[in-house]
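Colleague: Sharing a structure here in structure tokens format.
The values are calculated or read from the model by the stated rules, or taken from the named source; none is laboratory data. Note that the structure is a prediction, hence the values are computed from the model and not measured. We place every Cβ from the backbone using ideal geometry, glycine too, and count neighbours over all the protein chains shown. For the accessible areas, the whole protein counts, side chains as well, though only heavy atoms, and no ligand, DNA or RNA atoms are used. Shrake-Rupley method; radii C 1.70, N 1.55, O 1.52, S 1.80 Å.
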Amino acid sequence: ETGVTQTPRHLVMGMTNKKSLKCEQHLGHNAMYWYKQSAKKPLELMFVYNFKEQTENNSVPSRFSPECPNSSHLFLHLHTLQPEDSALYLCASSQVTATPSLYGYTFGSGTRLTVV
Amino acid sequence: TQLLEQSPQFLSIQEGENLTVYCNSSSVFSSLQWYRQEPGEGPVLLVTVVTGGEVKKLKRLTFQFGDARKDSSLHITAAQPGDTGLYLCAGRAIQGAQKLVFGQGTRLTINP
């Protein structure tokens, strides 16, 4: 496998369920991100991990709980979600270097989440 | 909060036509990137521009970074159906340079 892989691709869950999204990067990058993409809104940064340490939580509700066991894997644990949480959840990775302006993000294909 | 405004939000044109998409902000960015996202996929990086006034070409796509590093444009010449997708600009602030701020996107449809 190459690039950034996200599973599952689609997820339908009830408001009382607990589920997890998984992201794996095969690029040797040292930073990973969770973004939320909703219709008619810009991509919203949720969490940033550098060298598996969380460096940013963008005021995300506690019903979203990230986990980064190592630099290659990132999880997003979901519980008691609301219908407005339905969106495309994108994982990305990048290589943070001394010249941060130059590097880009590599995104996974996303998980389309529907909360019913 | 740094915001990036993209215009137009939607654009539908015929194959062979030219088009320009704009990305504007009141803030200065250390660099700006353009991504293209196709249905069911994540965004894919097209280009990074760093220097004010910089112009980069990628086949039929021309990217320009404004002199003041507050705006950027993407021009497509002789558009093809394969250019269809959501185009996103993303800026990196002077401070906190790791984080990318995204515009809301321009949804482009090229009709055969």
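Colleague: Would a scan of the range B:58-76 turn up a residue that is β-branched (Val, Ile, Thr) and not in a strand (DSSP E or B)?
Modeller: Going through the range B:58-76, the residues β-branched (Val, Ile, Thr) turn out to be B:62, B:76.
If we keep only those that are not in a strand (DSSP E or B) too, we end up with none.
No: the range B:58-76 contains no residue that is β-branched (Val, Ile, Thr) and not in a strand (DSSP E or B).
Colleague: Only one residue in B:Ser30, B:Ser26 is in a loop (DSSP other than H, G, I, E, B), modelled with pLDDT under 95 and either within 11 Å of another protein chain (Cβ to nearest Cβ) or surrounded by fewer than 16 Cβ atoms within 10 Å (Cβ to Cβ) (or both), so which one is that?
Modeller: B:Ser26
Colleague: Here's something else I'd like to know. Among the numbered criteria (1) away from chain A (no Cβ under 14 Å); (2) closer than 29 Å to A:Phe47 by Cα, which single criterion is violated by B:Glu41?
Modeller: Exception for B:Glu41: condition (1).
Colleague: Which one of these does A:Arg63 not meet: (1) surrounded by fewer than 20 Cβ atoms within 10 Å (Cβ to Cβ); (2) on the phi < 0 side of the Ramachandran plot; (3) out of contact with any helix residue (DSSP H, G or I) (no Cβ under 8 Å at 6 or more places or on another chain)?
Modeller: (3)
Colleague: So which residues in the range B:54-112 are within 11 Å of chain A (Cβ to nearest Cβ), open to solvent by 10 Å² or more (accessible area, probe 1.4 Å) and of a type in the set (Gly, Ala, Ser)?
Modeller: Passing the criteria: B:Ala93, B:Gly96, B:Ala97.
Colleague: Whether any residue in the range A:31-50 is open to solvent by less than 40 Å² (accessible area, probe 1.4 Å) and over 16 Å from the mean Cα position of the chain (by Cα) is what I want to check.
Modeller: Looking through the range A:31-50, none of the residues is open to solvent by less than 40 Å² (accessible area, probe 1.4 Å) and over 16 Å from the mean Cα position of the chain (by Cα).
Colleague: Within the range A:45-65, can one find any residue that is hydrophobic (A, V, I, L, M, F, W, C) and within 11 Å of chain B (Cβ to nearest Cβ)?
Modeller: Let us first name the residues in the range A:45-65 that are hydrophobic (A, V, I, L, M, F, W, C), namely A:45-48, A:51, A:60, A:64.
Filter again for within 11 Å of chain B (Cβ to nearest Cβ), leaving A:45, A:48.
Yes, the range A:45-65 contains at least one residue that is hydrophobic (A, V, I, L, M, F, W, C) and within 11 Å of chain B (Cβ to nearest Cβ).
Colleague: Name the residues in the range A:1-19 that are surrounded by 14 or more Cβ atoms within 10 Å (Cβ to Cβ) and either farther than 29 Å from A:Gln95 by Cβ or aliphatic (A, V, I, L, M) (or both), would you?
Modeller: Residues satisfying the conditions are A:Val4, A:Leu11, A:Met13, A:Asn17, A:Lys19.
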